[in-house]
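Here the structure comes first, spelled out in structure tokens, and everything after it is commentary.
The values are calculated or read from the model by the stated rules, or taken from the named source; none is laboratory data. The structure displayed is predicted, hence computed values, not measured ones. Here the Cβ positions follow ideal geometry from the backbone for every residue, glycine too, while neighbour counts run over all protein chains shown. Ligands, DNA and RNA are stripped out before the accessible areas are found, and what is left, the full protein with its side chains, is counted by its heavy atoms. Shrake-Rupley method; radii C 1.70, N 1.55, O 1.52, S 1.80 Å.
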Amino acid sequence: MTTTLITGGNKSLGFEAARRLTEHGHRVVIGARDADRGQRAAEELGVEWVRIDVSSDESVAAAAAEVRERFGGLDVLVNNAGISGPVGAVDDYTGADLAAVLDTNTVGIVRTTHAFLPLLRESAAPVIVNVTSGLGSFAVRADESRIEHSVPSLGYSASKAAVNMLTSVYAQFLPELRINMVDPGYTATDLNGHAGPQTVTEGTDAIVAMASIGPDGPTGTFTDRHGPVAW
């Protein structure tokens, strides 16, 4: 059975991805910062959970040790946890604002990948899925027909552009893994006040697809539910 960890799995996209991957036969473990929320979500989904705060080296290391002890290994890591940070007047954005968003959205992926790589390398078909955004694509943001073009998401966009690059570099230098990034699209979630036109099920299409690839699947790609996304 494929063992899959989804960070930020107690709500929104992470919760729905956990539900769908469980239906696909994965043994899903959701990661949550808050113990009460993690426990409630796990009980509702009928899955396991671990406490993990991707902004803390100690928390991530403890979660990796717990996954090894309780589940014996890991096949798929879905780096889904993230924050939006302030979205508004870019001239009001501070260095502290940016540092907080980067620490969770970008550095958090490096922390988690580093901690779980030993477990993933023991898998016959190790996979990492990094949840990014069209807001981090230079091509998408330059397209005036796209909603992303008009969103003043300074820190969030910078963090996701960095996620795209680090995913590309990981995929190049860790060829034994399948490492891809996915854009859920403009989905109704807590992150945007449930303003997006897509359902969470539609928003998890690309996550589920890339979490389900085999050892011959793609690596270093950027896709959404419709196909490839321009960088």
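Restricting attention to the range 122-161, report how many residues are in a helix (DSSP H, G or I) and among the hydrophobic types (A, V, I, L, M, F, W, C).
Keep residues of the range 122-161 that are in a helix (DSSP H, G or I), which gives 134-136, 138-142, 147-150, 154-161.
Then keep just the ones that are among the hydrophobic types (A, V, I, L, M, F, W, C); that gives 135, 138-140, 142, 147, 154, 158, 161.
Of the residues in that region, 9 qualify.
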| message | For the structure I just gave you, tell me whether Gly220 is surrounded by 14 or more Cβ atoms within 10 Å (Cβ to Cβ), at pLDDT 95 or above and touching a helix residue (DSSP H, G or I) at 6+ places or on another chain (Cβ under 7 Å). | response | yes
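For the condition of a type outside the set (Ser, Thr, Tyr) and over 24 Å from Thr4 (Cβ atoms), what is the one hit in Pro218, Pro228, Pro197?
On the way: Pro218 fails: over 24 Å from Thr4 (Cβ atoms); Pro228 fails: over 24 Å from Thr4 (Cβ atoms).
Every option except Pro197 fails the conditions.
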| field | Pick from the range 57-83, criterion part of a loop (DSSP other than H, G, I, E, B) and either open to solvent by 30 Å² or more (accessible area, probe 1.4 Å) or of a type in the set (D, E, K, R) (or both), ranking: farthest from Gly8 (Cα to Cα) | value | Gly72
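Filter the range 194-209 for residues that are modelled with pLDDT of 95 or more and open to solvent by 20 Å² or more (accessible area, probe 1.4 Å) and give the result.
Of all residues in the range 194-209, those modelled with pLDDT of 95 or more come to 204-209.
Scanning the range 194-209 gives Asp205, Ala209.
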| query | What's the number of the condition Ser133 fails, among (1) among the polar types (S, T, N, Q); (2) touching an Asp or Glu at 6+ places or on another chain (Cβ under 9 Å); (3) open to solvent by 60 Å² or more (accessible area, probe 1.4 Å)? | reply | (3)
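Hey, can you tell me all the residues within the range 20-37 that are surrounded by fewer than 21 Cβ atoms within 10 Å (Cβ to Cβ) and in a helix (DSSP H, G or I)? Step through it out loud before you land on a result.
Taking the range 20-37 first, the residues surrounded by fewer than 21 Cβ atoms within 10 Å (Cβ to Cβ) are 20, 22-25, 27, 33-37.
Residues satisfying the conditions are Arg20, Thr22, Glu23, Ala35, Asp36, Arg37.
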| task | Residues being outside any helix (DSSP H, G or I) and in contact with a Ser or Thr (Cβ under 6 Å, 6 or more places away or on another chain): count how many of those fall in the range 88-109. | result | 1
